[in-house]
Amino acid sequence: MRASPHRDELLGFLSTRRDEADAERALPVDPRRAEQPATLVLVDAAADVPRSLSAHAALRVLPLSLRLHGRRLRDARASSERLRRLDGARLRQARVELPDAVELAWRLHPNLALNADVLIALGDLLGDASAALQQMLAEHDAEIRELRASRGLPGRLALHRIDCGGAFAVPALHARVLVHELERGRRSADVVALAAKLPHATRQWLLPRTPGQLGDTLQACAQPRLQAWREACSGLTLLNGHPLLYGDADGLRCIARVRGWTRAVDALCAQLRDALHERAKLQISYDGSIAELAAHPAVDALRAHAARLGVTLNVTHMSVAARVRAGAGTLAVALLDQDG
């Protein structure tokens, strides 16, 4: 397998443009909201959410920005076209930046507050954009209440910030589960309770092809729980092998070092094969060619094994933010053992 740069739509990053077509718009009030509060799930643009899920009416993507050579890439359409032409090598030189309350306000306020009664914001292990969302809503609380009252909506807008315990594939998998539950008509309070339970039932694996880039990202994060991953990605050469990083409810750790990328993918697939059980949910995201990944013998065998067990398997490209944070060619995996 070879890692290859992708020029897919830069989900989330370009949503910071001041373009009316990208902004949140107020929807007509559904009379059924009196019995069933309208609920939205929010992830930030670092989640590996496929385009089909990002377009779902129950999901919103909080915008992030890229800083490249001292310049923040956002706002202008010219930046949009320039970003689409960036190759993988230049993209690695960028840095992901979280939004502030002002950035979120012009795009998401006030219409986001009119389109939902309950917001479930899934925090990312490497940076929580929902903190800015919480600040923005607090700063505009009086205005939001007045606007909601003018449309016959309850004054209170409930925000639930959930630490999903992971990054990359993890928030994307949790978002998929929560959106599915909302589609089924599950009560808002039950979906919030489920969101809080999912981190305890989720395992994650991360296989960086270029550990140095991920190490730089981890060094910039102050969270103590990332220490084991930081140490595993620090000062490595090709002779050290690729660190196979793992995390569950008990914490994060490095479980192996494997020389050679093909062998490292084989080792990851062996771990996943042993971890799978009937009706589990598995998400794999990759910074590279999905077709080449699927053609890898160990990955192909894993897919067949998952099918036999009735495991829901989704394979997606990494988001742009994930690609910048994790480094070229990284594989990220999230496994949900149960969904409540």
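Considering only residues that are of a type in the set (Val, Ile, Thr) and either in the same structural domain as Ala169 (by TED's automatic domain parsing) or under 13 Å from Val311 (Cβ atoms) (or both), which ones fall in the range 274-290? Across the range 274-290, the qualifying residue is only Ile284. Taking the stated definitions as given, is Arg225 more than 18 Å from the chain's Cα centre (by Cα) and surrounded by fewer than 17 Cβ atoms within 10 Å (Cβ to Cβ)? Considered against the rule, which asks whether it is more than 18 Å from the chain's Cα centre (by Cα) and surrounded by fewer than 17 Cβ atoms within 10 Å (Cβ to Cβ), Arg225 comes out as yes.
With respect to the conditions (1) part of a loop (DSSP other than H, G, I, E, B); (2) modelled with pLDDT of 95 or more, Arg209 falls short on a single one, namely (2). The single condition from (1) part of a loop (DSSP other than H, G, I, E, B); (2) surrounded by 15 or more Cβ atoms within 10 Å (Cβ to Cβ); (3) touching a residue at least 12 places away in the same chain (Cβ under 8 Å) that Gly185 fails is (2).
Listed by position, the helices (runs of 4 or more DSSP H) enclosed by the range 222-340 that each have at least 1 residues that are closer than 30 Å to Leu182 by Cα are 261-275, 290-295, 297-309, 320-326.
Picking from residues in the range 229-281 that are at pLDDT 95 or above and among the basic types (Lys, Arg), the one that is farthest from Pro208 (Cα to Cα) is Lys281.
Matching residues to (1) under 28 Å from Thr312 (Cα atoms); (2) without any contact (Cβ under 8 Å) to a residue 12 or more places away in the chain; (3) in contact with a strand residue (DSSP E or B) (Cβ under 9 Å, 6 or more places away or on another chain); (4) polar (S, T, N, Q):
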position: His160; (1), (2), (3), (4): yes, no, yes, no
position: Ala196; (1), (2), (3), (4): yes, no, yes, no
position: Ala201; (1), (2), (3), (4): yes, no, yes, no
position: Gly241; (1), (2), (3), (4): no, no, yes, no
position: Arg263; (1), (2), (3), (4): yes, yes, yes, no
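Candidates are the residues of the range 136-178 that are of a type in the set (Val, Ile, Thr) and within 24 Å of the chain's Cα centre (by Cα); the one that is farthest from Leu53 (Cα to Cα) is Ile162. Within the range 151-171, one or more residues are modelled with pLDDT of 95 or more, in a helix (DSSP H, G or I) and of a type in the set (A, V, I, L, M). When Gln213, Gln219 are screened for being surrounded by fewer than 13 Cβ atoms within 10 Å (Cβ to Cβ), assigned by TED's automatic domain parsing to the domain that holds Asp250, of a type outside the set (Phe, Trp, Tyr) and more than 21 Å from Leu119 (Cβ to Cβ), only Gln219 passes.
The values are calculated or read from the model by the stated rules, or taken from the named source; none is laboratory data. A quick note: this is a predicted structure, and the numbers were derived from the prediction, not measured. No Cβ is skipped: glycine too gets one built from the backbone with ideal geometry, and neighbour counts run over all protein chains shown.
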